[in-house]
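Here the structure is laid out as structure tokens; the discussion comes afterwards.
Values in this text are rule-based calculations from the coordinates and carry no lab data. None of these values were measured; they are calculated from a predicted model. Here the Cβ positions follow ideal geometry from the backbone for every residue, glycine too, while neighbour counts run over all protein chains shown.
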Amino acid sequence: IKRIGLITSGGDAPGMNAAIRSVVRTAESKGIEVYAFLRGYAGILDKEYKVLKFSDVGGIMEKGGTILRTARVLEFKLPEVRKEAADILRELKIEALVVIGGEGSLTGAKLLMEEQDIPVVGIPGSIDNDIPQTDMCIGVDTCLNTTIEAMQKLKDTASSHERAFIVEVMGRGSGYIALMSALSVGAEAVIIPETPVDFKAIAERIWEERQRGKVNSIIVVAEGAASAYTVARHLENRIGFETRITILGHIVRGGSPSAFDRILASRMGYEAIKSIVEGEYGVMIALSRSNMIRVPIESVLSEKKELDMEILKLAKILS
Ligand code: F6P
């Protein structure tokens, strides 16, 4: 293999740059050239790329976002558009494509390989941690750290003013960020898409805690479960004290990656190139029990990642 393509695709995640750096530098060490396309699949279709060398990826590891930029390219759902992309990759003599991204991006990669015979390797990058068969995705750890830092600050104000804060966090289809951040800050309640919400029970609990002398409450809600405004409407009259709403939104998707994400991304980028050199394609690099493993993208996409509901029980016991 002499030349590969590289994209970051879908929602950005802190650590993507560390993965880019690792892919480029490991590839160079094996004599492989990297054509890095801008804006995910859009850059392939627009033939917008840079050939990245060792020195081009210096000083990017600590940066949030992705230097290659990213996009959600909806037209890539069309087979004729995937064919167009594959033709361009062939024309540029690109022999394999590394895709760093979430579920949608991996689906595009899988179809490129199935329909167009383009060898692909995936690297899971998504703050939601909703990709099956990997313990962690790139960006999750940093996102959680940013989330709890913000919540900790809100707790100060919640205590000072004796208020309940309803904090909405990202997670359209997954309550992972909500649940883990709730556990990490000792939130009084967490509302996630995976389980039905019982506003009456939440209100009763907060009210009882207040009677016991607790002066603040944090209620975490995943955007995919309900909006913070809906939660506030349901709770305010029942709990009898002031609520405030904070929507953390995209704040938690940015920022310099944590040590964990830098290490994870560096290992995954390295493993992706190793997989290419060994001729193993159609796989996603995954973290399993501290090891780097390769799992078929097809099997990853055929599953849905389940949240560990014991953690929900734990969060309830500990707060
Ligand atoms: O997939 C990551 C994620 O941040 C989700 O948690 C969120 O729902 C979505 O992306 C938001 O996407 P966008 O930035 O395209 O609005």
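Quick notes on this one:
- Shape of segment 1-89, Cα gyration tensor, a/c cut at 1.5: oblate
- For segment 1-119, the relative contact order works out to 37 percent when only alpha carbon pairs closer than 8 Å and six or more residues apart are counted.
- Alpha-carbon geometry of the chain: the Rg and the Dmax are 21.5, 71 Å, given in that order.
- Distance distribution note for segment 92-197: the fraction of Cα pairs above 24 angstrom is 41%.
- Paramagnetic reach from Ile247 (point 7 Å along Cα→Cβ, amide N under 15 Å) across segment 144-184: 166-172
- Residues whose amide H comes within less than 5 Å of that of Arg3, counting only those at least five positions distant or on another chain, are Glu33, Glu95 (H built at 1.01 Å from N in the peptide plane).
- Part-to-part distance (alpha-carbon centres) for segment 169-229 and segment 251-319, which is given in Å: 26 Å
- Counting only residues at least eight positions apart within a chain, or on another chain, the aspartates and glutamates with an alpha carbon under 16 Å from that of Lys313 are Glu188, Glu194, Asp198.
- Overall shape: oblate for segment 252-310, with the ratio a/c of the largest to smallest alpha carbon gyration tensor axis at 1.5 or above and b/c at least equal to a/b.
- Gaussian network model of the chain, springs between alpha carbon atoms under 10 Å - residue of Val24, Val300, Val98 with greatest fluctuation: Val300
- Fraction of the pair-distance distribution of segment 181-319 above 19 Å, Cα-Cα pairs, percent: 65 percent
- Cα-Cα over 18 Å, subset of Lys47/Lys110; Lys63/Lys274; Lys30/Lys274; Lys2/Lys50: Lys47/Lys110; Lys63/Lys274
- Annotation: amide H of Ile247 within the under-5 Å range of Glu168, sequence separation 5 or more or interchain, hydrogens built in the peptide plane.
- Beta bridge orientation in the chain: antiparallel %, DSSP, nearest 5: 25 percent
- Gyration tensor (alpha-carbon) shape descriptor, segment 138-234, a/c threshold 1.5: oblate
- Under-5 Å amide H pairs with Met284, H placed in peptide plane, nonlocal only: Gly122, Val295, Ile297
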